[in-house]
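The values are calculated or read from the model by the stated rules, or taken from the named source; none is laboratory data. On a predicted model such as this, the values are computed, not experimentally measured, just so you know. Please note: Cβ atoms are built from the backbone with ideal geometry, for glycine as well, and neighbour counts cover all protein chains shown. Note: areas computed on protein heavy atoms with side chains; ligands, DNA, RNA excluded. Shrake-Rupley method; radii C 1.70, N 1.55, O 1.52, S 1.80 Å.
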Amino acid sequence: MTTAYHPGSLAVQDRVGVRRLADHVGRSITHGIRPIAAAFLEAQPMLVLGAADEAGRMWASLLTGRPGFTRATGPHTISVAAALPEGTSDGAPVGTIALDPRTRRRMRLNGIARRSARGFTVEAEQVFSNCPKYLQKRELCGFAEEPEPGGGAVRHGAALTPDQQRSVRTADTFFVATAAPDGLDTSHRGGNPGFVTLHSPTELSWPDYAGNAMFLTLGNLEADGRAGLLFLDWRTGTTLQLSGLAHTEYGPEGRVVRFRLDHVTETPGASPLRWSEPEYSPVNPPLPKDRP
């Protein structure tokens, strides 16, 4: 990654008319991990990683551990005490995001992953933080030391079950992994419950709210439609991973991303982290049905 943006992101910035602002914001993207970023990473109990599997499908996966399981080992490298997600090859490009619901802070680090004795490392190519927009505040209630009944019984499918559909409809947060010609990126999407619209058991959409003007996710989708979504049940630790294709639709009322899935993986109790009920972001836009 030799520049902040590739042609896909530049095309979206030009279409929306924010190229100058994006150029300014893009100066925050660095190759190095500053001390404040290293301290933030080491305090986090979770990391979301985006990567392609052996078939080229895009996935966003949740990794968890006691604070310190992710740490910077130098100005350009992090070490993660966890296994790479199944199907991720050694030396693969990955996109990571560390999000702290307690403080509404988040940091993205994209680079090359390599297995290590501790788990794996990521050699950073892009490091940057984002604003707290659309982040729901949650407190960490504790770690589940023992798996709950049914935990670990991974369920695979090609369409969402009724219970999975309910989880998507009521979500206030999810993560999205996308691919670019020069690497991967994993981002966060948030809003009031119902901001994700389910059109069928295999198709959903969400509004693209105003953000940092970088348009990394939408820019990636301009060049490569593959996407991986991760929904997390913050109360039980169950994860719902969707893999498929996405594209952006532009209309008079704004941008909407439409996603069609072809693979679903649900892992009950995948995360030992137990979080409180959310305090919704004060900048979450009202849903259409809630508008006056």
Exercise. Give the longest segment of the chain that steers clear of GluC sites (Glu not before Pro) in DSSP loops with at most 14 neighbouring Cβ atoms within 10 Å, not counting the sites themselves.
Key: 146-252
Practice problem: Measure off, as a whole percent, the carbon and sulfur share of the 1.4 Å-probe accessible area of the chain, all protein chains present. | Solution: 53 percent
Quiz item: Using the Cα atoms as the points, what is the convex hull volume per residue of segment 158-265 in Å³?
Solution: 102 Å³
Practice problem: Would you check the accessible area of Thr265, probe 1.4 Å, heavy atoms only, in square angstrom rounded to 10? | Solution: 20 Å²
Self-check item: Packing rank of 70-76, 185-191, where each peptide gets the mean count of other beta carbons within 10 Å, highest leading
Solution: 185-191, 70-76
Quiz item: Which one of Ala213, Ala227, Ala144 has the biggest mean-square fluctuation once the chain is modelled by GNM with Cα springs under 10 Å?
Solution: Ala144
Self-check item: Using θ = phi - 60° and Karplus 6.51 cos²θ - 1.76 cosθ + 1.60, couplings along segment 112-128 (whole Hz; Gly, Pro as x)
Solution: 10, 9, 9, 5, 9, 4, 7, x, 7, 10, 10, 7, 6, 10, 9, 9, 6
Self-check item: Rounded to whole Hz, the Karplus (6.51, -1.76, 1.60) HN-Hα couplings of segment 89-97, x for glycine and proline
Solution: 7, 5, x, 7, x, 9, x, 10, 9
Quiz item: What does the accessible area per residue of segment 40-162 come to in Å², with a 1.4 Å probe and no ligands, DNA or RNA counted?
Solution: 44 Å²
